[in-house]
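Engineer: Got a structure for you, questions after.
The values are calculated or read from the model by the stated rules, or taken from the named source; none is laboratory data. Values in this document were obtained by computation on a predicted structure and should not be read as measured data. Here the Cβ positions follow ideal geometry from the backbone for every residue, glycine too, while neighbour counts run over all protein chains shown.
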C-alpha cells in the first residue's frame, strides 16, 4: 500500500481499533508518525511511514480475521481499558496473534454475540449510522410487564433527552418472579435497552445479544469463539 490515507483509517486497517476509537487514540497523543507525536486529526500517511501506537510499530496485516465471540458478563470490550479490567482479548489471546477489535460494543455486564475483526473498512461500514442492521437481544427483567408498557417500548422511550426509534419487543418466557423479553433494535446508543427499561422502572437481570442481522450466536459456549464462514463474511460485506 503506497497511497495516502488518513491516519485513523490506517490504524484501523492495522487492527488497532475501530476508526472512531482510533480518532480518540490520536487525540490522546498516543500515536507518533516518523518519530513525531500526532495529536490532531487530518494527518495522512502511507505504508512507508513509521507509525507507532503506545510506542509499538504497527503494520497492515494482509491476513484478514473475522470471528464471533460469545462474550461473558464481567469483561469489557474496550481493548485498552484505563482501569485495567479484563477485556475480550483474553478469550482468544493464545490462538490469534493478529490485532483484532470489536465491531460495536457490549457493555461490561451484557453478554452474547460480539463480532471482531481487523478489517477496518468492514467494521467502519457496519457501525456507520446510515446502515440499518437489526440486532436481537434476550433480556431478563425482574417481575412482570404489562401490555401497555410493551407498547411504550415498541413506540420509543425518551432516554438521554432523545426518543428511541421504534423497536420490536415481545415477551418470550419467564416465571413467577421474572420475565424474558426479546428486543430487536437497530440503534446503537449507549446502554440503550437498559435505559429504556429503567425508564419504566424495570430492573435488568440479564442481557444477551443473540443475533446481528442474519448472524446468530448459535451454540458457541460462553467465553468461546469461532471463525466466521465465507458465506457469513460475504453477507456482512453485502450489508456493510
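Engineer: Which of the helices (runs of 4 or more DSSP H) contained wholly in region 110-209 include at least 3 residues that are more than 30 Å from residue 62 (Cβ to Cβ)? Give the derivation first.
Structural biologist: Values: elements: 120-127, 147-155, 192-198.
Ranges flagged: 147-155, 192-198.
Engineer: Which of (1) farther than 19 Å from residue 112 by Cα; (2) surrounded by fewer than 18 Cβ atoms within 10 Å (Cβ to Cβ); (3) at pLDDT 95 or above does residue 166 not meet, given it meets every other one?
Structural biologist: Just one mismatch for residue 166, condition (3).
Engineer: Could you tell me which of the residues 126, 150, 106 is out of contact with any helix residue (DSSP H, G or I) (no Cβ under 8 Å at 6 or more places or on another chain) and not assigned by TED's automatic domain parsing to the domain that holds residue 194?
Structural biologist: Working: 126 fails: out of contact with any helix residue (DSSP H, G or I) (no Cβ under 8 Å at 6 or more places or on another chain); 150 fails: not assigned by TED's automatic domain parsing to the domain that holds residue 194.
Being out of contact with any helix residue (DSSP H, G or I) (no Cβ under 8 Å at 6 or more places or on another chain) and not assigned by TED's automatic domain parsing to the domain that holds residue 194 holds for just one of 126, 150, 106, which is 106.
Engineer: Could you list, in sequence order, all residues of region 82-109 that are part of a loop (DSSP other than H, G, I, E, B) and under 13 Å from the mean Cα position of the chain (by Cα)?
Structural biologist: Here is the first cut: in region 82-109, the ones part of a loop (DSSP other than H, G, I, E, B) are 82-86, 92-100, 103-109.
Selection gives 100, 103, 104, 105, 106, 107, 108.
Engineer: I'd like the full set of residues that are outside any strand (DSSP E or B) and exposed (fewer than 13 other Cβ atoms within 10 Å of the Cβ), limited to region 223-236. Steps first, please.
Structural biologist: Start the filter on region 223-236 by keeping residues that are outside any strand (DSSP E or B), which leaves 223-224, 228-236.
Hits for region 223-236 are 229, 230, 231, 234.
Engineer: Can you tell me which of 26, 60, 67 is over 28 Å from residue 189 (Cβ atoms) and either at pLDDT below 90 or crowded, with 16+ Cβ neighbours inside 10 Å (or both)?
Structural biologist: Details: 26 fails: over 28 Å from residue 189 (Cβ atoms); 67 fails: over 28 Å from residue 189 (Cβ atoms).
Testing whether each residue is over 28 Å from residue 189 (Cβ atoms) and either at pLDDT below 90 or crowded, with 16+ Cβ neighbours inside 10 Å (or both) leaves just 60.
Engineer: Which residues, taken from region 65-81, are in a loop (DSSP other than H, G, I, E, B) and touching a strand residue (DSSP E or B) at 6+ places or on another chain (Cβ under 7 Å)? Spell out the reasoning first.
Structural biologist: To start, the set of residues in region 65-81 that are in a loop (DSSP other than H, G, I, E, B) comprises 65, 72-75, 77-81.
The answer is 65, 72, 73, 75, 77, 78, 79, 81.
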